[in-house]
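Structure, as structure tokens:
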């Protein structure tokens, strides 16, 4: 009987040692919400250096009417081109987080939301509304957007 109790206790201890620590998914979701807010502010001020801090080297963007853009250099070039477009009023850009979901393991997450930007056209100022999904991955302890997909309404 004593032998069985020792074996049982040893199994419990080993199981406890091999379990991964609990992830506070609520706190991780809040961290990602804050990153999305900061990213929106960087877009509004056309701060390309700050915008690029949200991406990982293997990131990809899927924007309406464009080929898939992959890698930091291509993403930066695309943002530079968009920020240089004087018809887009980036100071009006907004993004609203509708849903933030973090995996139980705490290393992957996604955000769904809506966006709005105004643009100058020959007919005056128009608003373009859209929606999107950002997929985030925790890399070396930091959340990075690895996939961004959006389209216009």
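The values are calculated or read from the model by the stated rules, or taken from the named source; none is laboratory data. Just so it is clear, the model here is predicted, and its values are computed rather than measured. Quick reminder, even Gly has a Cβ in these numbers, built from the backbone with ideal geometry, and neighbours come from all protein chains shown.
Take the conditions under 20 Å from residue 152 (Cβ atoms), in contact (Cβ under 8 Å) with a residue 24 or more places away in the chain and in contact with a helix residue (DSSP H, G or I) (Cβ under 8 Å, 6 or more places away or on another chain) and apply them to residue 88. Does it pass? So residue 88 fits the description; yes. Only one entry of 50, 46 meets the criterion of being more than 13 Å from the chain's Cα centre (by Cα), at pLDDT 95 or above and at positive phi, and that entry is 46. Taking the criterion of being more than 18 Å from residue 104 (Cβ to Cβ) and modelled with pLDDT of 55 or more, the residues of segment 5-43 that qualify are 33, 34, 35, 36, 37, 38, 39, 40, 41, 42, 43.
What about residue 120, is it over 23 Å from residue 33 (Cα atoms), at pLDDT below 95 and either exposed (fewer than 15 other Cβ atoms within 10 Å of the Cβ) or touching a helix residue (DSSP H, G or I) at 6+ places or on another chain (Cβ under 6 Å) (or both)? No; evaluated as a whole, the condition is false for this residue. Considering segment 53-65, the residues that are in contact with a strand residue (DSSP E or B) (Cβ under 8 Å, 6 or more places away or on another chain) and loosely packed, with under 15 Cβ neighbours inside 10 Å include one that is modelled with the highest pLDDT, namely 58.
The number of residues in segment 128-150 that are in contact (Cβ under 8 Å) with a residue 24 or more places away in the chain and loosely packed, with under 13 Cβ neighbours inside 10 Å comes to 1. Please count how many residues of segment 91-103 are surrounded by 17 or more Cβ atoms within 10 Å (Cβ to Cβ) and more than 15 Å from the chain's Cα centre (by Cα). Adding up the residues that qualify gives 1.
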